[in-house]
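See below for the structure under consideration.
The values are calculated or read from the model by the stated rules, or taken from the named source; none is laboratory data. Given the structure is predicted, the values throughout are model-derived calculations rather than measurements. Please note: Cβ atoms are built from the backbone with ideal geometry, for glycine as well, and neighbour counts cover all protein chains shown. Note: areas computed on protein heavy atoms with side chains; ligands, DNA, RNA excluded. Shrake-Rupley method; radii C 1.70, N 1.55, O 1.52, S 1.80 Å.
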Amino acid sequence: QVQLVESGGDLVHPGGSLRLSCAVFGTIFSDVAVGWYRQAPGNKRERVATISRGGSITRYADSVKGRFTISRDNAKNTVYLQMTSLKPEDAAAYYCNGASSHAALLKSTFLTSWGQGTQVTVSS
């Protein structure tokens, strides 16, 4: 059974940086395209960044372009989200999920249900 586990959330000051991790279990890591999503209270879950199986394709929400970077480490079966210049509006629960291809990821055809997420708080 495919499972993705998020970690790395914390309280940071505006302008600070944070790196989130998404560990992938139960499948061949290189077979999974992965995306990061976030949901703030009262808001719908939104897609933040995606990365293809091989890592050659990445996509970002306009709100995070130039500040967030998604990457993957095949040796560690982990996808990262490096976040810089954090703003209060970036505060949310962050989730990751996977799909069999980047196209399927963009269609939200996920391999598994949502995990617990990891909380990012941006406050002075």
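Checking SER113, SER123, SER85 one by one, the residue that is touching a helix residue (DSSP H, G or I) at 6+ places or on another chain (Cβ under 8 Å) and open to solvent by 50 Å² or more (accessible area, probe 1.4 Å) is SER123 and no other.
Taking residues in segment 95-124 that are farther than 19 Å from SER71 by Cβ, and partners anywhere that are basic (Lys, Arg), the pairs with Cβ atoms closer than 9 Å and at least 6 places apart or on different chains are SER100/ARG53; SER108/ARG47; TRP114/ARG45; GLY117/ARG38; VAL122/LYS87.
You will find that of LYS107, LYS65, the residue that is over 20 Å from LEU4 (Cα atoms), basic (Lys, Arg) and out of contact with any Ser or Thr (no Cβ under 8 Å at 6 or more places or on another chain) is LYS65 and no other.
Among the residues of segment 76-94, is any β-branched (Val, Ile, Thr) and in contact with a Pro (Cβ under 6 Å, 6 or more places away or on another chain)? First the steps, then the outcome.
So in segment 76-94, the residues β-branched (Val, Ile, Thr) come out as 78-79, 84.
Those left that are additionally in contact with a Pro (Cβ under 6 Å, 6 or more places away or on another chain): none.
No, segment 76-94 contains no residue that is β-branched (Val, Ile, Thr) and in contact with a Pro (Cβ under 6 Å, 6 or more places away or on another chain).
In segment 1-43, what count of residues is obtained for those that are open to solvent by less than 40 Å² (accessible area, probe 1.4 Å) and under 17 Å from the mean Cα position of the chain (by Cα)? Within segment 1-43, residues that are open to solvent by less than 40 Å² (accessible area, probe 1.4 Å) and under 17 Å from the mean Cα position of the chain (by Cα) number 20. Close Cβ contacts (under 6 Å, 6 or more residues apart or on different chains) running from residues in segment 7-32 that are closer than 18 Å to ARG72 by Cβ and hydroxyl-bearing (Ser, Thr, Tyr) to residues that are open to solvent by less than 50 Å² (accessible area, probe 1.4 Å) and not in a loop (DSSP other than H, G, I, E, B) comprise SER7/SER21; SER7/THR118; SER21/THR78; SER21/TYR80. Starting from residues that are assigned to a loop (DSSP other than H, G, I, E, B) and of a type in the set (Ser, Thr, Tyr), keep the ones in segment 17-51 and report whichever is modelled with the lowest pLDDT. Among those that are assigned to a loop (DSSP other than H, G, I, E, B) and of a type in the set (Ser, Thr, Tyr), it is THR27.
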